[in-house]
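Working notes for the structure below.
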Amino acid sequence: MTNNITLPLSGLEAPLSEMEQLIQDNMHHFAKEVLRPAGQKIDKMSPEEAIAADSPLWGILEQASDFGLNVKTLLELEPNERSRLMLIAAEEMAWGDGGLAGMILVSQMPGLYSALAGNMEMVDYCHGKLGCWGITEPDHGTDMLDAEGKLAATNGSYGRANCVARIEDDHIIINGQKSAWVSGAITAQVCALYCHIEQDGETKPGAVLIVPLDIEGVSKGKPLDKIGFRSLNQGEIYFDNVKIPLNHLLVGPDKYAEMVDHTLAEANIHVANLAVGVARAAYEHAHEYAHERKQGGVSIIQHQNVRYRLFHMFRKIEAARALVRRAAEYNAKAEQPALQGSISSKITATQTAFEVASEALQIFGGNGLTKEYPIEKLLRDARAGMIADGCNEMLAIKGGTLLINDDLL
C-alpha cells in the first residue's frame, strides 16, 4: 500500500493566510451546501423558469452578497491580496456550480470595470446592483475584443457595429443591440456597455458606458436555451434612443482599445479560474467513483489504466491553477497587465476543464452519460467555457499578435 498524501482544497498551493483560509472554508461550505444542489436543480429548468421569481437563483444571489466580496470592499485591499481572495473564493464557487459562480461574478462587472477606468463615482453607482458586461453583437463576436482591427482577415473589414452611441451636449444617446450572449443580461439592473461611437458622421471604437437597464428605451430578449452554464442567463439587450448622463462615460475613443485589453485581461483570468473549479469537481467525482465502482472483482482504481487517467487529470488541474494564479499575480503587481498571460491562462484552463471532464465521464462509463450522475453536466459546462469571454481560437490569435516584436521585423 502506498503512503497516501491528502492535499488541501487548493492542491499544491502554498499555505494560505488566515484570511484566505477563512474565505476558502466559507465558500467551500456555501458551494457544497447551496450552489451545487441549486445548480443541479436549475440545470433541469427551462431558461424562463431559471430566472422566475420562485427560482433558487434569487436566494443564492442574496446569500452571496452577504459574504461582502463586492468591488467596494475588495478595493480596500492591496491589489495582489484582492486578486488572490477573489480567485480562492470563485474557484470554490465554481467547484459547486460554474454557472452560478459566473452569475455571482458577472453581477460585479460594471463596478469592477468602473474601478479599472478609475471612476469611483460609477463604482458607487453600481454598488448593490446586479450587473452584466455587454460587448458582443449579432454581427460581431470575439472580434469586438479587437478594437484596433489587428486580427481581421487580410483585406477584411469588421463592418459597421450593431450598437452605437453619440454624445450630445451633457448626455449620451445609445441605439442598437447587443447579442444574446450578454451574461446575466436578463436579470441585470446595470450594464457595462462597450460599443462604437459616432463622431462627425462616422462610427469607430468606441466608448465604455455604465447604463441602467430600467430606463426608457431599454428592452431585453429571451434567455438563451443552451447546453452549458444554464444557471448563468444570457440574452439580448436592445437600445432605442436610450439617454444617459455624460458622467456615465468611463472611457472614450482615445482610451477605448486600452480599456478593452485591460477588461479582457481581467475577465479571462476569472473565466480561467472558474474552469479550474469545474475541472476540480469533475476530477473529484471521478476519483471518488473509482474507489466505489467495482469491476473484475476490485475497485476500478486498482486497474492501472484508471490510475493513469486520474493522475493526468490531477496534473493538468495543478498546472492550470498554477498558471492562473501566476498570471493574476503578475497583473496585480505590474504597471500594465500582460494580456497574453491572461489569454494563456483562459485557454489552458478551459481546455483542461473539457479534457478532465471528458476523462471523468469515461471513468464513469455508461453511468456518466446519464443525468443521474453529475458528470454529463460538468462536461457541458466545461465545453461552454471554451467559448465564454472570447472563443479560444480567436483569443490565441490575439495573444500571438501581442508576441510580435516590431524591433525585430
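Please treat every number below as a calculation from the coordinates, not as lab data. A quick note: this is a predicted structure, and the numbers were derived from the prediction, not measured. Virtual Cβ from ideal backbone geometry, glycine too; neighbours counted across all protein chains shown.
Some notes on this structure:
- Helix 375-385 and the longest principal axis of the Cα set of the chain meet at an angle near 30°.
- Fewest-first ranking of Cys391, Cys191, using other Cβ atoms within 10 Å as the exposure measure: Cys391, Cys191
- Here, the stretch 258-364 yields an orientationally averaged convex hull projection of 6.4 nm² when only Cα atoms define the hull.
- Placing unit charges on each Cβ (+1 for Lys and Arg, -1 for Asp and Glu) gives the chain a dipole about its Cα centre, and among Ala64, Val306, Ser17 the Cα reaching farthest toward its positive end belongs to Val306.
- Hull-based mean projected area of the stretch 85-191, where the convex hull spans the alpha carbons, in square nanometres: 9.1 nm²
- Net charge in the neighbourhood of Ser114 (other residues with Cβ under 10 Å of its Cβ; Lys, Arg +1, Asp, Glu -1) is -2.
- A simple charge model with +1 on the Cβ of Lys and Arg, -1 on the Cβ of Asp and Glu and nothing else charged puts the dipole of the stretch 257-408 at about 740 debye relative to its Cα centre.
- Relative to the compact-globule estimate of 2.2 N^0.38 Å, the Cα radius of gyration of the chain comes out at 1.00.
- Among Val218, Val182, a tally of other beta-carbon atoms within 10 Å of each Cβ gives an order, fewest to most, of Val218, Val182.
- Residue among Asn119, Tyr289, Thr352 farthest towards the positive dipole end of the chain, charges placed on Cβ: Tyr289
- Charge tally in the Cβ shell below 11 Å around Ala185, where Lys, Arg are +1 and Asp, Glu are -1, Ala185 excluded: +2
- Less than 5 angstrom separates the built amide H of Val251 from those of Val208, all sequence-distant by 5 or more or on a different chain.
- Rounded to the nearest 500, the helix-only mean residue ellipticity at 222 nm of the chain stands at -15500 deg cm²/dmol, with each DSSP H run of n ≥ 4 adding -39,500 (n - 2.57).
- Unit charges on C-beta of K, R, D, E only; dipole of the stretch 131-251, Debye: 500 debye
- The stretch 18-106, relative contact order in percent, only Cα pairs under 8 angstrom and at least six apart counted: 48 percent
- Selected from Leu246, His171, Ser157, residue furthest toward positive end of dipole (the stretch 131-251; charges at beta carbon): Ser157
- The ranking of Leu105, Leu116 from fewest to most other beta carbons within 10 Å of each one's beta carbon is Leu116, Leu105.
- Inter-centroid distance (Cα atoms) of the stretch 168-201 relative to the stretch 355-398, Å: 32 Å
- Against the chain, whose longest principal axis is taken from its Cα atoms, helix 253-292 shows a tilt of about 20°.
- Assigned charges on the beta-carbon of Lys, Arg, Asp, Glu; the stretch 336-401 dipole about Cα centre (debye): 140 debye
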